[in-house]
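To start, the structure under review is shown below, and the notes come after it.
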Amino acid sequence: MPRQKRIPMRTCVGCRTVRPKREMIRIVRKPTGEIDLDETGKASGRGAYICPVVDCLDAAVKSKALQRSLQRDIPDEVWKELQSRLRGEG
């Protein structure tokens, strides 16, 4: 009988729900200090995950959980990019 492949799980910084990594959006603080969305999920640097739901982003903003997780302030353009992506605009 073949072994089942282990599915990597991650915790959302907004709602604290544990979900499969592929269902989450990764925000990464690169070694240069730049903060960006990680489309591949494999960029080097410190990562934080968020559910693809606007409510989770709002919760992460309100509690400053994303800033704590990445140990940096989040630039406005990253917030705007996240919001537009979650609302299906981009």
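Computed from the coordinates by the stated procedures, all read-outs in this text should not be read as laboratory data. None of the values given here were measured: they were computed from a predicted structure. In this analysis, Cβ positions are derived from the backbone assuming ideal geometry, glycine residues included, and neighbour counts consider all displayed protein chains.
For segment 32-60: of the residues being surrounded by 14 or more Cβ atoms within 10 Å (Cβ to Cβ) and without any contact (Cβ under 8 Å) to a residue 24 or more places away in the chain, which is farthest from Val13 (Cα to Cα)?
The selected residue is Ala43.
Looking at segment 68-82 only, could you name the residues that are farther than 15 Å from Cys15 by Cα and surrounded by 13 or more Cβ atoms within 10 Å (Cβ to Cβ)?
Leu70, Arg72, Ile74, Val78, Trp79, Glu81, Leu82
For segment 1-28, give me each residue that is farther than 22 Å from Ser84 by Cα, β-branched (Val, Ile, Thr) and in contact with a Pro (Cβ under 7 Å, 6 or more places away or on another chain).
If the condition is that a residue be farther than 22 Å from Ser84 by Cα, β-branched (Val, Ile, Thr) and in contact with a Pro (Cβ under 7 Å, 6 or more places away or on another chain), then Ile7 is the only one that fits.
When both residues are 6+ apart or on different chains and their Cβ atoms are under 8 Å apart, which pairs have a first residue that lies in segment 68-84 and is without any contact (Cβ under 8 Å) to a residue 24 or more places away in the chain, and a second that is assigned to a helix (DSSP H, G or I)?
Asp73/Gln67; Trp79/Val61
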